[in-house]
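As structure tokens, the structure follows; a few thoughts come after it.
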Amino acid sequence: MLTFSHLILGLFQALLLFAAAPLVSGLSRMVRAKLHTRHGPGLLQDYRDIAKLLTRQDLTPPDSGFAFRAMPAVMLTTVLVIAMGIPMLTRFTPVAPIGDLITVIYLFALARFFFSLSGIDSGSSFSGIGGSRELTMGVLVEPVMLLSLFVAALLAGSTNLGAIGSAIADGHVRSVTATIVAALSFAYAIYIELGKLPYDMAEAEQELQEGPLTEYSGPSLALIKWAMALKQTVVVAWFIGVFLPFGSAPEMTFFGLLFGLVAFALKLVLIFAAVGVVENSVARVRFRLTPQHSWVGVGAASLAFVFYLVGL
């Protein structure tokens, strides 16, 4: 049952992730620079970049349409709505209608659809190629996410993200092996979704995530940069809430929420630090090789389903 306090909690964690997203992105860039033994940008560089873009002129290509103009607002709003339903500080979903597994997947698909469509709608052939590649990446990654999460939902007996996380935290799952394998396959899909090497390099305009953005400028580009950083933070929070709920508050109390916030921040930093280490340990691969690698995630998620069926 949705109460006013739960709605406030959902708004609080959405705004918290919104404010911290550039900081998390800056942390990822700083880890990469340190591993390259170079100075690199500061921790707050993304805030400075966004502030600078907000003061610039917003130019629109003459051939662009509604999807191109609406995408920054649609993407940012969609990810904020998802952030309200993720069990981030607590083991239950603050806004239960949003915290359903199927709802979250469709909302992520909506954000990806508008992001890709904006590149095609810009009138630029280069942006259109970037949009097409982003859709292809979605086709490769989303089945892994779906299958691994549905295995977790079958183990918990519910599609509610909070119920899945609570079942895993309390040990009320039928198959521990299936849970671990599903978590690993979902983590693999999340890594690709973050736009990291060897599959992507999110800061390069010629790569997948930045390809559809070549025609954006000014405040629109600032909103997209912020939305992309927020999306990366939210997908990791999604993984934490479902498969690493340990330390989250079982009930909505002040000290419970405070401890849950500290635990979530520590897990978030550790995961992004680990992602930075992995990213700097691999080389870029050709885009056409990505389908071959994505079958690893599909195979792991299918194996988790087999373990669920046999009860291992």
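The values are calculated or read from the model by the stated rules, or taken from the named source; none is laboratory data. What you see is a predicted model, and the numbers here were worked out from it, not measured in a lab. Heads up, the Cβs are rebuilt from the backbone with ideal geometry, glycines too, and the neighbour counts pull from every protein chain shown. Side chains included, ligands, DNA and RNA excluded: accessible areas come from the protein's heavy atoms. Shrake-Rupley method; radii C 1.70, N 1.55, O 1.52, S 1.80 Å.
Key figures
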{"quantity": "CD proxy at 222 nm, helix term only [per DSSP H run n ≥ 4: -39500 (n - 2.57); per residue of the chain; nearest 500]", "calculated": "-24000 deg cm²/dmol"}
{"quantity": "The range 4-310 - percent of accessible surface contributed by carbon and sulfur, probe 1.4 Å", "calculated": "71"}
{"quantity": "Per-selection Kirkwood Rh - the chain (Cα, Å, 1 d.p.)", "calculated": "19.9"}
{"quantity": "Part-to-part distance (alpha-carbon centres) for the range 160-189 and the range 1-75, which is given in Å", "calculated": "29"}
{"quantity": "Mean Cβ neighbour count within 10 Å, used as a protection proxy, ranking 59-67, 245-253, 154-162 highest first", "calculated": "154-162, 245-253, 59-67"}
{"quantity": "Test item: Cα-centred dipole of the chain, Lys/Arg +1 and Asp/Glu -1 on Cβ, debye", "calculated": "560"}
{"quantity": "Accessible area of the chain divided out per residue, in Å², using a probe of 1.4 angstrom", "calculated": "44"}
{"quantity": "Chain lengthening between Thr77 and Arg38 when straightened (0.36 nm per residue, less Cα-Cα)", "calculated": "10.5 nm"}
{"quantity": "Average Cα contact separation per residue, the range 83-163, under 8 Å, 6 or more apart, as relative contact order %", "calculated": "36"}
{"quantity": "Computed lengthening from Arg48 to Asn280, 0.36 nm per intervening residue step minus Cα-Cα distance", "calculated": "81.0 nm"}
{"quantity": "19 Å cut-off, amide nitrogen to a point 7 angstrom out along Leu23 Cα→Cβ, residues in the range 78-117", "calculated": "80, 83-84, 88-90"}
